[in-house]
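Q: This is the structure I want to talk about, given as structure tokens.
The values are calculated or read from the model by the stated rules, or taken from the named source; none is laboratory data. What you see is a predicted model; the values in this text were computed from it and never measured. We place every Cβ from the backbone using ideal geometry, glycine too, and count neighbours over all the protein chains shown. Calculation scope for accessible area: heavy atoms of the full protein, side chains included, ligands and nucleic acids excluded. Shrake-Rupley method; radii C 1.70, N 1.55, O 1.52, S 1.80 Å.
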Amino acid sequence: MIWQSAIDFFSFKDPNVVYVLAGIIFINSSSALVGTFAYLRKRSLLADAVSHALLPGICLGFLFAGEKNMPALITGAFITGWISIYLIDLIVRKSRIKQDAAIAMVIAFFFAIGIVLLTYIQKHGNGNQAGLDHFLFGQAAAISKNDVWLFAVVFVVILLAVLLLYKNLVILSFNPDFAQSVGIPVRFIEFFLTSLTVLAIAIGIQALGVILISALIITPTATARMWTHHLKKMIVIAILISVFSGIAGAFVSYTRAQMPTGPWVVVILSFITFVSVVMAPKGLLRKFIVRRKNENKINDENILKTIFELKGFSEKEKMLVFSTVELTEKRLFDTKKLDAGLRRLIRRNLIQHKGNEFELTTTGKKEAARIIKLHRLWEQYLLKRTSIDTDHVHSGAEAIEHIITPEIEKELEKELGIEGIPEDDY
Amino acid sequence: MKQDIHAIEVHNLTVSYDGKPVLWDIDFNLDSGQIIGIIGPNGSGKTTSLKAIMGLLKPASGFVKIFGKSLDEVRDRVAYVPQRESVDWDFPASVLDVVLMGRSKSQNLFRRANKTDIGIALQSIEKVGLTEFKNRQISQLSGGQQQRVFIARALAQQADLYLMDEPFVGVDAATESAILELLREMKSNGKTVLIIHHDLQTVSDYFDYLVLLNTRLIAKGTPPEVLTRENLSNAYGGQLTLLSKIVDLIRQNEFPVREKGFDL
């Protein structure tokens, strides 16, 4: 059943599917493009306000045209969208209300008016209002051939604007004062950029709905930011994420008739965001792996150190034999961690089995001596350079011995004038 | 360099925020080829004065001339270095990206950076000693390095007049002396540098000329002329309580800062 719909959907037998896909590609690319700059300029919330403010405009456009005429609806949406931005700005400038509060108030106000108008149209409609309620949650299947052309034009305008003005948009987003100081027409470009943002949201509301379209402005960019520090790559990743979610959401809504598109697109988009939080270069997964690696390193080096402390430096010829009982008596090891650590040390050929016990190999002995040396070097350094009591230097060196690199080791030796393992132990 | 034309002429400048005058009847002329310091306590209008000179704030009255002309006529000869904290350094850009911004002019809005621009940007990066970091993301730089990125961006503008807002804040001693060295080199090439500075310990070493502000102009002149006990106590010592009382009154009563018809 689902496979049959998948084949229907992706074989493009149904011409409507082609319109839906093309429409989604134009809508989602447009919103990701303008969204990048909304995000960089920290205007994310404003996009939310605008999208809600488009609903009354759409209703007015419908009332004006008397039918679901896309250019009329988008014109209406564009006008009320801009009014909402102006209103927020006005409230912030002329009253004591701050921007976050102003945005919240304006969102609610415009959405309320939109619902009032929508209800009015549905009660007094002549049958032409069919599909107007799709503007709440979106129905990608409603995209028609003519809509696709309109969306294509908007996309091309936005793409050209971003390409032509790219340098200025970047400077403006990073440092508006500087942009103005070098003579970039900041006010005009801001006005233009805001207009493009309103336009991008306006063409998306039929497919995604007024309530959720703002996710298309913000989420793809915010997610892409986790993957790269390069602005151009970030824009491309944002567009790819957005278009993928759009197509996937449209597919789900196509196979399950009556399913609104907007929620599915946003669910898929948010899932990608969640995956990115975990998997991205500085994500949770990497943090987890790094922490595990550090814990293991500290654990293993502590085992080696303890063996050395047990057996001392004197038995030069003999291989050093030890048992786990001896180790736990000398230092409080977690048995599980100790066993895991011993297994890793065997794999690294630093220790080997000897009957029921273990013995340190020659390389293992070198490694253990190195850690003892770093520990004592750091103790010496702390004593020389800081005012620390001798009974505190040991704990101070306990963590640091695991992180000192060979370069720092050389510098320490040079600075302290010590060669080999320092005699003093604290 | 003609001596009769000042690098900056600030004439009777008043700037208000929210009806409250932050700068009041400020008048000074600054000659070119000097390193000039603007000093004064916190909230004394130092940043405001720089922004007003740079045309970023509209004055309530008065005017600013740069090299005897309006800013728009000489914009390419002026470079502005905002406070480091005024931008979000987590912005996705490299050192070179930011320094290249200095090559943007009102005449080349649609032109991409060309080889000349990149060459100049790289030279500027070298001058501030950041060559090995040129492709580093700006979020991964230390505060002092970020400050040097801003200075490199200004150098890339190849201006004659540099306006810098607190370039020594958050900068370590070595970087501070490196920046100062650079400023002195710029001065010896006939450039004019106007710097907002807050560390009174170093002003006499750093600057040829000083402007001491506290909403009003308290003093101007060479460091020995300005750094007198009386001037400093006027600016820093709370001696101007009457003035600040008037400022508060003006804001509370939404009173105009000056009467109509007395604009200049």
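Q: Could you compute how much accessible area chains A and B hide from each other, both sides summed, with a 1.4 Å probe? Nearest 100 Å² is fine. Numbers along the way, then the final one.
A: Details: alone 22810 and 13630 Å², together 33940 Å².
Roughly 2500 Å².
Q: Given a 1.4 Å probe and the protein chains all in place, what does the accessible area of A:TYR381 round to, in Å² to the nearest 10?
A: In the full protein context, A:TYR381 sits at about 60 Å².
Q: Once the other residues with Cβ under 12 Å from the Cβ of B:GLU185 are scored (Lys, Arg +1; Asp, Glu -1), what is the net sum?
A: With Lys, Arg at +1 and Asp, Glu at -1, the net is +3.
Q: Also: If you count only protein heavy atoms with a 1.4 Å probe, what accessible area per residue comes out for the protein assembly as shown, rounded to a whole Å²?
A: Details: 33940 Å² over 690 residues.
The answer is 49 Å² per residue.
Q: In what sequence, largest accessible area first, do A:PHE322, A:PHE271, A:PHE288, A:PHE111 appear using a 1.4 Å probe?
A: Values: A:PHE322 0, A:PHE271 130, A:PHE288 105, A:PHE111 50 Å².
My answer, sorted largest first, is A:PHE271, A:PHE288, A:PHE111, A:PHE322.
Q: Next question. According to the square roots a ≥ b ≥ c of the eigenvalues of the Cα gyration tensor, what is the shape class of the protein assembly as shown, taking rounded for a/c under 1.5, prolate for a/b larger than b/c otherwise, and oblate for the remainder?
A: Oblate.
Q: Amide H to amide H, which residues 5 or more places from B:SER16 or on other chains are under 5 Å from it, using H placed in the peptide plane?
A: B:VAL22, B:ALA60
Q: Related question: Express as a percent, rounded to the nearest 5, the fraction of DSSP beta bridges in segment B:8-252 (both residues included) that run antiparallel.
A: Working: 19 of 36 bridges.
Roughly 55 percent of the beta bridges in segment B:8-252 run antiparallel, per DSSP.
Q: Also, quick follow-up: If you average the sequence gap of Cα pairs under 8 Å that are 6 or more apart and divide by the length of chain A, what percent do you get for the contact order?
A: 17 percent
Q: Using only the heavy atoms of the protein chains and a 1.4 Å probe, how would A:THR386, A:THR273 rank by accessible area, largest first? Please report the intermediate quantities before stating the final value.
A: Working: A:THR386 65, A:THR273 30 Å².
The ranking, largest first, comes out as A:THR386, A:THR273.
Q: I need the phi-derived Karplus couplings for segment B:102-115: 6.51 cos²θ - 1.76 cosθ + 1.60, θ = phi - 60°, integer Hz, Gly and Pro marked x.
A: With coefficients 6.51, -1.76 and 1.60, one gets x, 8, 7, 9, 5, 7, 10, 4, 9, 8, 7, 4, 9, 4 Hz.
Q: What is segment B:8-252's relative contact order, in percent, from Cα pairs under 8 angstrom and six or more apart in sequence?
A: Worked out over segment B:8-252, it gives 29 percent.
Q: Does segment A:2-282 come out rounded, prolate or oblate, given a ≥ b ≥ c as the square roots of the eigenvalues of its C-alpha gyration tensor, rounded meaning a/c under 1.5 and, failing that, prolate meaning a/b above b/c?
A: Cα axes put segment A:2-282 in the oblate bin.
Q: Roughly how much of A:ILE307 is accessible, in Å² to the nearest 10, using a 1.4 Å probe?
A: Ignoring ligands and nucleic acids, A:ILE307 comes out at about 0 Å².
Q: Would segment A:1-135 count as rounded, prolate or oblate if I go by the C-alpha gyration tensor, calling it rounded below 1.5 in a/c and otherwise prolate when a/b exceeds b/c, oblate otherwise?
A: Oblate, because a/c is 1.5 or more while a/b does not exceed b/c.
Q: Over segment A:286-416, what is the relative contact order in whole percent, taking alpha-carbon pairs under 8 Å and six or more residues apart?
A: So the answer I get is 24 percent.
Q: What ranking of A:ILE83, A:ILE400, B:ILE8 comes out by heavy-atom accessible area, probe 1.4 Å, highest first?
A: A:ILE83, A:ILE400, B:ILE8
Q: Here's a follow-up. Rounded to the nearest 10 Å², what accessible area does A:LEU46 show when all protein chains are kept and the probe is 1.4 Å?
A: Result for A:LEU46: roughly 30 Å² accessible.
Q: Using modelled backbone amide H atoms (1.01 Å from N, in-plane), which distant-in-sequence or interchain residues come within less than 5 Å of B:GLY40's amide H?
A: It is B:LEU213, by chain and number.
Q: Another one. Which far-off residues, 5 or more places away or on another chain, put their amide H under 5 Å from the one on B:VAL81, with H placed in the peptide plane?
A: For B:VAL81, whose amide H was placed from the backbone, the distant partners under 5 Å are B:LEU163, B:MET164, B:ASP165.
Q: Residue by residue through segment B:223-228, what is 3J(HN,Hα) from phi via Karplus (6.51 cos²θ - 1.76 cosθ + 1.60, θ = phi - 60°)? Round to whole Hz and write x for glycine and proline.
A: After applying 6.51 cos²θ - 1.76 cosθ + 1.60, I find x, x, 5, 7, 7, 8 Hz.
Q: Provide the percentage of antiparallel DSSP beta bridges, counting only those with both residues in the protein assembly as shown; round to the nearest 5.
A: Expressed as a percentage, antiparallel bridges in the protein assembly as shown total about 60.
Q: Also, quick follow-up: Residue by residue, what Karplus-based ³J(HN,Hα) values in Hz, rounded to whole numbers, does segment A:284-291 have, using 6.51, -1.76 and 1.60 with θ = phi - 60° and x for Gly and Pro?
A: Whole-Hz 3J(HN,Hα) from phi for segment A:284-291: 5, 4, 5, 4, 5, 4, 4, 5.
Q: Counting only protein heavy atoms, what percent of the accessible surface of the protein assembly as shown is carbon or sulfur at a 1.4 Å probe?
A: 58 percent
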